[in-house]
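Data first, discussion second: the structure below is written as structure tokens.
The values are calculated or read from the model by the stated rules, or taken from the named source; none is laboratory data. Just so we're clear, the structure is a prediction, and the values are computed from it rather than from any experiment. Here the Cβ is made from the backbone with ideal geometry for all residues, glycine too, and neighbour counts use every protein chain on show. We work out accessible area using only protein heavy atoms, side chains counted, and drop any ligands, DNA or RNA first. Shrake-Rupley method; radii C 1.70, N 1.55, O 1.52, S 1.80 Å.
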Amino acid sequence: MPRYEGVSPSVVRRLPRYYRFLRELLAKDVHRISSRELSQLMNLTASQIRQDLNCFGGFGQQGYGYNVDALIGEISGILGLERGYRAILIGAGNLGLAIARHMSFETKGFNLVGIFDKKRELIGQPVRHLVISDVNRLENFCGVFSPQVAILCIPPAAAKEICERLIPLGVRGFWNFSHYDLTLDYKDVAVENVHLGDSLMTLCYHMSELTED
Ligand code: NAI
């Protein structure tokens, strides 16, 4: 049963952006903002912001605007950032290590509890507060720590096999960098596919719009 009925994916996609802008305002000691000021800052219309937030009950007051602290709390609650889902990362190569080392999981709703690879020379290497484990130990690990989410930084061919192991072990969410479309095989899981290449090609489109020939 969804917590919020009929909320479009594009509204959900905008929530982290609201959260980020509001946190930046708070860091500058701004505690109250009108929907017009927020809309100018975020390059959205005031009515768009009102419509988006109304999906969850609306949090502004006529003539007052938004209480920044309260709105951060509301959006954090809607996103579930306090939940601390246990996440494991599979594939400690170039991409996986960059993510493991630089992403602040705790402020985004997750705790990184394990890192796995199949390469012998990587196993036992320290990464932040963890050491890389042998992917053969996945079943044992999941039996003890019950991770809910997996971050896939492995090639697509390997991702299919790993998903076939992880889903029966209770993993229900995937932050998927692998270019394997796991929603084709599994319907009952939450998947966020990340394709940096798509973003780069979108930039290419915008560059082509700027240049004449
Ligand atoms: P890499 O070769 O540096 O790292 C891949 C790691 O996965 C290796 O350490 C390898 O031992 C490990 N691995 C492979 N099969 C495994 C298995 N069954 N179990 C456990 N570990 C396994 O590659 P890189 O550059 O880190 O890229 C990883 C994947 O991510 C590639 O398939 C690449 O195409 C994809 N990628 C996706 C991006 C995106 O935006 N979605 C951006 C960059 C890479």
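Here are some notes:
- Enumerated helices (runs of 4 or more DSSP H) restricted to segment 126-213, each holding at least 2 residues that are surrounded by 16 or more Cβ atoms within 10 Å (Cβ to Cβ) and within 13 Å of the ligand (Cβ to nearest atom): 138-145, 156-166
- Number of residues in segment 73-89 that are closer than 17 Å to residue 33 by Cβ and open to solvent by less than 20 Å² (accessible area, probe 1.4 Å): the value is 1.
- Just one of the listed residues (21, 56) is assigned to a loop (DSSP other than H, G, I, E, B) and either assigned by TED's automatic domain parsing to the domain that holds residue 104 or within 20 Å of the chain's Cα centre (by Cα) (or both), namely 56.
- Scanning segment 90-125 for residues that are more than 15 Å from the ligand (Cβ to nearest atom) and either open to solvent by 20 Å² or more (accessible area, probe 1.4 Å) or over 28 Å from residue 17 (Cα atoms) (or both) yields a count of 7.
- When residue 30 is tested against (1) within 16 Å of the ligand (Cβ to nearest atom); (2) open to solvent by 30 Å² or more (accessible area, probe 1.4 Å), just one condition goes unmet, and that condition is (1).
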